[in-house]
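*Asks:* Before I ask anything, here is the structure I am working with.
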Amino acid sequence: MSGLTMPGLMPLVASVVGDGVSVSHYLVVGAILFTAGIVCMTVKRNALGVLMGIELVLNGANVNFVAFASPYLRGQGATSLGIDGQVIALFVILLAAAEAAVALAITLAFYNNHATVDVDRADDLKG
Amino acid sequence: MDLAAQLPLLLGLAWLAPLASFVAILFFGPKMGPHGRNAAWVATAAIVTSLVLSLLAAGSWLAAHPVQAAHHGGGQHGEAHAAEPAGHGADGGHGDHGGHAGAVQPAAYAGDWYTLYHGGNLRLSIGWYIDALTILMFVVVTFIATCIHVYASGYMHDELHDVTDHEVHLSGGGHLHRPGRFPRFFQALSLFCFSMLGIVIAGNLAMVFIFWELVGICSWFLIGFYYERKSASTAANKAFIVNRVGDFGMLIGLMALWGALGTLQFADSTTPAADGSAVTRPGLFSLVRPAANGHGIQVPDGMVKFAAANELVKTPPAEVPGKIDTWRSMGLGRWLLFIAGLGIFCGCVGKSAQFPLFVWLPDAMEGPTPVSALVHSATMVAAGVYLVGRFYPVLTPDVLLVIAYVGAITLFIAATIALVANDIKRVLAYSTVSQLGYMMLALGVGGWSAGLFHLVTHAFFKSLLFLCSGSVIHACHTNDMRKMGGLARVMPWTAGTMLVGCLAIIGAGIPFVIGLSGYYSKDAILAQALAFSRANPAHSILFLAVAGGAFLTAFYMFRLWFMTFAGEPRDHHVAEHAHESPMVMVAPLVVLSVLAVVAGWTLPGGFGLTNLLEQARPTGTAEGMTGGFAFGNLVFPAEHESHEGAIHVTATLTAFSTALAGVVLAALMYLLKIISPAVVATVFKPVYAFLAGRWYFDELYHALFVVPALGIAKLASGTDRGVIDRIIDGLAWGTRQIAGLDAWIDRTIVDGLVNATARATWHAGLELKKLQTGHLRQYVMFIVVGTVALFVLASLLFRTTMAG
Amino acid sequence: MDPAASLVQPALWPLTAIVFLPALVAAFLSLPIVPKAREEFIRWTTLLTTAVVFVLSLWMAWPQLFGAAGPAQFRLGEPGMQAMVKVPWIKAFGIEYLLGVDGISLPLVVLTTFLSMLAAAASWPITKHVKAYHVLFLLLVTGMLGVFVSLDFFLFYVFWEVMLLPMYFLIGIWGGPRREYAAIKFFLYTLLGSVLMLLAILMLYFTSDLRQLSPEQLIASHVVSPGLDAAAQADAVRAVKDAKAPVHTFNLLALAQIGQLPNSPFAATQLWGMSLEKWAFLLLLIGFVIKVPVVPVHTWLPDAHVEAPTPISMILAGILLKLGGYGILRICYPICPGAGLDFAWLVCGLGVVSMVYGAFAALAQKDFKRMVAYSSVSHMGYVMLGLGVWSAVAGHEYRWDAWAQGVNGAMFQMLAHGISSAGMFFMVGVLYDRVHHRNLEEFGGIFNRMPVYSGLAVAVFFAGLGLPGLCGFIGEVLVTLSSWNYSRVLAVVSAFTVILTAAYILWAIQRVYLGAEYKGPHGDHLTPITPRELAIATPLVFFAILFGVAPQILFNYVTPSVNRQVETLADWTRRVHDAPAAPAVATIAAPESTAR
């Protein structure tokens, strides 16, 4: 990765360590949440853990939505109400709930069949 | 009724009557009485009808052309016939050329019945040419045929019921039993007579050729009558094929004439042209002996032109007529005329069993004896001599010399073989060949009337001899003379008539007073041969041949008679069964023996065969002839000169003494047994073996012609299978190889590429399949890593935009 | 031409019916409504069809037999084309449905219909796939008849190919043990010929130009129908004459007219050092001589004849071989006269070689049918020789009549051979049906076992032998006699063949019919001839005798047309071929018939 430059990253870091709470802080939190979720999804062998990780990822994204819905980030002449991010976050929560329900059901079914919730053993669909 | 209309009608009907009988027996033969017994009556009735019609025709002829004594006196000759009505041109008869001094047209009537092919100036037709010779031959043929029919109806009675053929051995043992074939015999006999009469009446060479072949096939039927016998069917085939060899030559002669002259008609013919006027086209006789040349022989214009066109540069047609005489004097076309004559003679060589084609005739003895009698006397073999006589005006001196030598060789060879033959019919067969040699020789040395005279007398006594031998065979059931002997006591009629025949054939007579028929005809031949030898010393061997032949003839004929009839029976089994033949067989013998005696006589007033023949003498042949280019200059003395004292006396005495010597020798050996034949045979063993082996002609021809022909045949057939088919099959194989290569290219290269692609895809899929582990966490890793990688990639690729 | 009017031509239906009736019946028989099992029905239908076609052709050829002559019937003595049918077919290429008969083709048509009828009757012993056999058989008949009557080269070619395929199957399915080999050999040989022929057809087509012909020639060659009124004719002629581009044609009569022009484009066009005329002649000749066949392209014939079933052998020998001779006479010579003159030696030489070679090969055969097959090679050699003897310039004269004699002889020989060879094959078939072998060495004594049959057989074989009084003689003699004027050597060699012919035929007769006892297997099956076989053999023998005794019956048809063609070509030789060299020549042998 030598020679690789990320021109947009330096101002972001500066703004985080700089004055007051800004969008950047929210984004950092969201990113941490997202990363934590990803890590959780990849390392956990328990299906429930993986589901939790998914929740984290979704919430990390929700944080970002909400953060981007901030008036500071909105340009002039915007015609929307300004709560788009929040609405989408609500949708995500809703969907996450539904998804969790389905996923838990699958997990339960899997458990019934295999007496385990270890995702590594769920390779029935292997090609 | 006009003679010109009457003669063709009478002779035409006489000619067709046997055909009618043939057709009738062909379809209804087996239904004619029990076992077809009445077929004999049908056939005999037909031939008697022919005889009656021929006699009627002869009567009309003699009424119109009374036979007079010929005044043999040089220039007087022309006037001898001056009284004849020379012009019969009105409806196709000869034109009147009688005005030319020294050469009188013979009275002849010619015309066409029927056209086979007509295109442009070329016409092939069926027609008639009737002169004294035709009429004479008609009477002779029908008369002898009548005798033979009557005789055969007795001889062939075995065929009236089932026959056991003792000469056929079946593979399962035993002999062949078969139903009789009585009608079939008479059916073939009728066809034979029809064909022979067709040759005699023919008005052109094409028609001669047609009936020539028909005679050949009739002989095939009759010689092969006992077709269950291998020897009979082989003899029949041999007869026909050897005759075809002669016909091959004849065909060449026909082509030479037809190609250059465009006609094969003997006489001038008149055809109505499109505009109604009559167009007269000259026939062969007047083309070769034109009146303008004093009826002397010359190469016709057509042949001169033909030869000139082949040998010289092409000349504009307008200039051709003016040059013909120049060309002719250059000798152009004389080879063509020579070949034409020689070719026609070739046909006669085959039919008349002359050297080198005589081999078929002795084998023809396989047929029933009446057939032999007919074949050997008045039909078939007579046809060749008759045609030479008929075609005589066209034969050049060179051709005549060839004919004379062929005749001489034939008569000598055949006579020598006859000396040692033990089969009674074979002796007679070789005697026939020998006598035919006489006739040919006579014709060849300029003895036109002598040759034909002998033809007629020979017809009578040879048929007599054969019928007698048939009678003997009928009685003894064997042909072998060594088993006979002393038969005169049981068969007096046969013995007596056969003695007459033997005397006639050797030319017995009281010199200068009277004799049997053979005496006159043989004398005439000897005289003419002597005259010719005197005129052409280089060819005096011809006379020696004739004189020697007379000795041999006398010897073998009396050897035959003595062995058969005289002495003591050699085989008692044979002698006990011998009996005189029934009346129906004896009667023809008596009739024929009377004729064998008187046929040569000339009545006071000049009525006789020779003078009748003189009426038909071809124009321009009475004066003798000189010429020839291939064998030096030849002189043919006029025939009447040979009747003059010096020659005639010598000839007669020669004939008498040689014949007497022959009879005496035969008597010494076979009657008085003073000289033992067995001792002679031992002393001259090689010669005897050579003669008994018939000069080994059959073996020679087999090695020279049959074996090579079969070899070539095998080669041709093998070439087809081995070469042509190999090439064809090879081509097909090559094509298949090329196709195989093509298929290989398709399979390996074209298909290979496609298959390789498919295989590569397949293998790629297999490899990729391994990524599908089924581990959820791994998938997540892939997603993450992939997403990151995508971002990195995007950031690398779209660096500028992001930077912007 | 008005299509509606074209359908009312007087000759349209008779000729069309003769050609297509067999094909129509074949189509009907091939329908599923005809059950395969009804074999008798199929056989009788086929026989009836061929009989009807025979009667139709007889109706055309011999109007007197059926009362007054109609316009579609043949007028004897008229040399030109008659009963013309002219319907446009493929207009873009000027291809027409052009049929017609003259004295050359009509006897061959009648021969074809006659032999087809007999062959249909001879098909009774065929028991394998009867339906398919008869369908193919009828198709074959259509093909053969079509070849003889079509005057459009393209149509000719189509029929030529139509004929080929059924024959392939008939040999290949119903043949003897080596049938597949024989069928493929036959097919390849003839296909090669066809391909070369097609090449020649295209060469001639693209070189031809109708504009070179005079209006009279256009009408005479039926490019412009003579049946039109004067005004319509003038229009049609003008349409041809005023065309901007060359007007090509497949019309055989027009091609002949073009070929005989003084400035013939065929002779003028050069191709690889030789005139196009010669190329075309050679290509066509190869195509036709394969059919004749001549040595060395004859080896399909023994195999095909031997393997083919009896009726097909009859058709093969009786008719198919004649197509070659007919093609040479109708196409090669009139269209390429110059090449014909230059290559006369080739045609004659091939003929004589075939005669001698075939006769020798026949002598060596052990198989009865093979011997007969080789005799066909030998006999068809006469046809070639007769066609080839271009003796129009023999001597100092234009002896057209000597040549005409050869061609007439060749025509007669074709017809006579059609009868005698079909008869011979049938006779062999009769024996084969009984004892199932053809080995000449294993016969003998048939004469006593089957007398009537043997009598007829011997008569037929004698006809093949060229015995006078039977049909084989006239043609052979005319051809042989005419050949002298062309070449002495060839004439002598051809005359020599008579000995060989006698030898192989008599030898075969001796081995099969004569003798004391039968030497082969199945001797007890040698039953006398059946009425059906008698009904086939008798007409053949009857006609063999009739034409031998009264050849004029055929010559009355043949001679006018042949003579006119030969006269025309002889005249052409003088007028065109020899004109620069010898300008002042004149016909000495004035033709007696009407010169044109």
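Please treat every number below as a calculation from the coordinates, not as lab data. A quick note: this is a predicted structure, and the numbers were derived from the prediction, not measured. FYI the Cβ positions are ideal-geometry reconstructions off the backbone, even for glycines, and counts take in every protein chain you see.
*Asks:* Whose amide H sits under 5 Å from the amide H of C:Q82, counting only residues 5 or more places off or on another chain, with H placed in the peptide plane?
*Replies:* Those lying under 5 Å, H to H, from C:Q82 are C:V101, C:D102.
*Asks:* Next question. Fewest to most neighbouring Cβ within 10 Å: what's the order for C:W403, B:W113?
*Replies:* Fewest-to-most ranking of C:W403, B:W113: B:W113, C:W403.
*Asks:* Can you pull the Kirkwood radius for the stretch B:1-61, inverse mean 1/r over Cα pairs, to one decimal in Å?
*Replies:* Answer for the stretch B:1-61: a Kirkwood hydrodynamic radius of 12.3 Å.
*Asks:* Hey, what D do you get for the stretch C:425-526 in µm²/s if you plug the Kirkwood alpha-carbon radius into Stokes-Einstein at 10 °C and 1.306 mPa s?
*Replies:* 106
*Asks:* Separate question: Explain nothing, just compute: Karplus ³J(HN,Hα) = 6.51 cos²θ - 1.76 cosθ + 1.60, θ = phi - 60°, for every residue of the stretch C:521-528 in order, whole Hz, x for Gly and Pro.
*Replies:* x, 6, x, 6, 8, 6, 8, x
*Asks:* So what are the ³J(HN,Hα) numbers for the stretch A:21-31, from phi and the Karplus equation (6.51, -1.76, 1.60; θ = phi - 60°), rounded to whole Hz, Gly and Pro as x?
*Replies:* Here the 3J(HN,Hα) series is 8, 10, 4, 3, 5, 4, 5, 4, 4, x, 4 Hz.
*Asks:* Partner chain Cβ atoms within 10 Å, averaged over the residues of C:100-109 - can you pull that number for me?
*Replies:* That average works out to 0.
*Asks:* Taking +1 at the Cβ of each Lys and Arg and -1 at the Cβ of each Asp and Glu, which of B:G343, B:N204, B:A307 sits farthest along the dipole of the protein assembly as shown towards its positive end, judged by Cα position relative to the Cα centre?
*Replies:* Of the listed residues, the answer is B:G343.
*Asks:* Compute the long axis of helix B:182-201 from its Cα atoms, compare it with the longest principal axis of the Cα atoms of chain B, and write down the angle in degrees, 0 to 90, nearest 10.
*Replies:* 80
*Asks:* Taking Cα atoms, how many degrees apart are the long axis of helix B:492-506 and the longest axis of chain B, rounded to 10 and kept between 0 and 90?
*Replies:* 80
*Asks:* When Lys and Arg each count +1 and Asp and Glu each count -1, what net charge do the other residues less than 10 Å away from B:A504, Cβ to Cβ, add up to?
*Replies:* +2
*Asks:* When the Cα centres of the stretch B:211-259 and the stretch C:118-146 are compared, how far apart do they sit, in Å?
*Replies:* Using only Cα atoms to place each centre, the spacing works out to 40 Å.
*Asks:* Provide, in order from the shortest bin, the percent of all Cα-Cα pairs of the protein assembly as shown in each 20 Å bin, continuing until the bin that contains the maximum pair distance.
*Replies:* Histogramming the protein assembly as shown at 20 Å steps yields 8, 29, 27, 13, 7, 5, 5, 4, 1, 0 percent.
*Asks:* Using θ = phi - 60° and the Karplus form 6.51 cos²θ - 1.76 cosθ + 1.60, what ³J(HN,Hα) does each residue of the stretch B:162-171 get, whole Hz, x for Gly and Pro?
*Replies:* Along the stretch B:162-171, the couplings run 4, 10, 9, 8, 6, 8, 10, 9, 7, 5 Hz.
*Asks:* Take the Cβ-Cβ distance between B:A45 and B:M583 as r, set R0 to 22 Å, and report the resulting FRET efficiency rounded to the nearest 0.05.
*Replies:* Given R0 = 22 Å and the Cβ-Cβ separation, E is 0.70.
*Asks:* Report, largest value first, the span of the C-alpha coordinates of chain C along each principal axis, in whole Å.
*Replies:* So the three principal-axis extents are 76, 61, 49 Å.
*Asks:* Could you please report the charge total around B:F453, scoring K, R as +1 and D, E as -1 over all other residues with beta-carbon less than 11 angstrom from its beta-carbon?
*Replies:* Net charge around B:F453: -2.
*Asks:* Give me B:I199, C:I553, B:I505 ranked fewest to most by other Cβ atoms within 10 Å of their Cβ, as a rough exposure proxy.
*Replies:* Lowest count first: C:I553, B:I199, B:I505.
*Asks:* For a quick check: sort B:M380, C:M81 by the number of other beta carbons within 10 angstrom, fewest at the front.
*Replies:* C:M81, B:M380
*Asks:* Any chance you could give the angle, 0 to 90 degrees and rounded to 10, that helix B:541-565 forms with the longest Cα principal axis of chain B?
*Replies:* Compared with the principal axis, the helix lies near 80 degrees.
*Asks:* Using the Cα centre of the stretch C:19-105 as origin and beta-carbon charges of +1 (Lys, Arg) and -1 (Asp, Glu), tell me which of C:L24, C:T49, C:L65 is placed farthest towards the positive end of the dipole.
*Replies:* With unit charges placed on the Cβ atoms, the residue in question is C:L24.
*Asks:* Using only the Cα atoms of the stretch C:70-218, what are the Rg and Dmax in Å?
*Replies:* 18.3, 58
*Asks:* Per residue of C:355-362, count partner chain C-beta atoms within 10 Å of its C-beta, then hand back the mean as an integer.
*Replies:* Neighbouring Cβ atoms belonging to other protein chains average 5 per residue here.
*Asks:* Another question about this same structure. Per-residue counts of other Cβ atoms within 10 Å, averaged by peptide: what ranking do you get for B:594-605, B:366-377, highest first?
*Replies:* So the peptides B:594-605, B:366-377, ranked by packing, come out B:366-377, B:594-605.
*Asks:* May I ask you to give the average projected area over all directions of the convex hull of the Cα atoms of the stretch C:317-446, in nm² rounded to one decimal?
*Replies:* 8.7
*Asks:* Express the relative contact order of chain B as a whole percentage, based on alpha carbon pairs under 8 Å and six or more residues apart in sequence.
*Replies:* Over chain B, the number comes to 12 percent.
*Asks:* For the stretch B:566-587 and the stretch B:403-417, what is the centre-to-centre distance using only Cα atoms, to the nearest Å?
*Replies:* A separation of 33 Å, based on Cα centres.
*Asks:* Could you give me the percent of Cα pairs per 10 Å distance bin for the stretch C:277-347, shortest bin first, beginning at zero and ending with the bin that holds the maximum distance?
*Replies:* 21, 46, 23, 10, 0
*Asks:* What is the stretch C:222-353 by shape, rounded, prolate or oblate, if you read a ≥ b ≥ c off the alpha carbon gyration tensor as root eigenvalues and call it rounded for a/c under 1.5, prolate for a/b larger than b/c, and oblate otherwise?
*Replies:* Judged from the Cα gyration tensor, the stretch C:222-353 comes out oblate (a/c at least 1.5, b/c at or above a/b).
*Asks:* Quick one: which residues, 5 or more positions from B:V168 or on another chain, have an amide H under 5 Å from its amide H? H modelled 1.01 Å from N in the peptide plane, none for Pro or chain starts.
*Replies:* Correct list: B:L176.
*Asks:* Follow-up. Any chance you could run the full-extension gain for B:V750 through B:L793? It's 0.36 nm times the residue separation minus the Cα-Cα distance, nm to one decimal.
*Replies:* Separation in residues times 0.36 nm, less the Cα-Cα distance, equals 11.5 nm.
*Asks:* Return the long-range amide H neighbours of B:L634 (sequence gap of 5 or more, or a different chain), with a cut-off of under 5 Å between placed amide H atoms.
*Replies:* B:G627, B:G628
*Asks:* Evaluated at 25 °C with a viscosity of 0.890 mPa s, what Stokes-Einstein diffusion coefficient in µm²/s does the stretch C:20-108 have when Rh comes from the Kirkwood expression over alpha-carbon pairs?
*Replies:* Rounded to a whole number, D works out at 157 µm²/s.
*Asks:* Summing Lys, Arg as +1 and Asp, Glu as -1, what charge do residues with Cβ under 10 Å from the Cβ of C:Q82 carry, C:Q82 excluded?
*Replies:* Every neighbour counted, the sum reads -1.
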